[in-house]
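See below for the structure under consideration.
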């Protein structure tokens, strides 16, 4: 069974979100440390993987698919794009460490970590709704 977890990080509000398509539930976390948008995208993926392992475990009965709209993060993790910045290399390493217990072959990361456009990312759409709601409450 495919378990799709959508992830996104947003610099407005310094938060990350992931959406579990089986549980039909959103999870939002505000990060204390101020991060760049790329760092937030990485943290969203890291926390989505941690969530998956906590809820679904490490067995073979589920097929995890992590879906995000950051071409940079998906490219650097799943497609072998070069990571040029040390602060992102550290986060990339954390992603690989989180994936290791799931016994995925590194050659198949591109089947488990997938890029989609922003308008199809449930986590990104949820973050946008939160931002718009907060802005409308200020008026």
Checklist entry - Counting only residues that are in contact with a strand residue (DSSP E or B) (Cβ under 9 Å, 6 or more places away or on another chain) and surrounded by fewer than 17 Cβ atoms within 10 Å (Cβ to Cβ), which one in the stretch 92-124 is nearest to residue 62 (Cα to Cα)? => result 104
Checklist entry - Residues 89, 29, 79: which one is in contact with a strand residue (DSSP E or B) (Cβ under 9 Å, 6 or more places away or on another chain), over 18 Å from residue 8 (Cα atoms) and surrounded by 11 or more Cβ atoms within 10 Å (Cβ to Cβ)? => result 79
Checklist outcome for this item: Scanning the stretch 1-21 for residues that are in contact with a strand residue (DSSP E or B) (Cβ under 9 Å, 6 or more places away or on another chain) and in a loop (DSSP other than H, G, I, E, B), the one modelled with the lowest pLDDT turns out to be 13
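The values are calculated or read from the model by the stated rules, or taken from the named source; none is laboratory data. Small disclaimer: the values here were computed from a predicted structure and weren't measured. Virtual Cβ from ideal backbone geometry, glycine too; neighbours counted across all protein chains shown.
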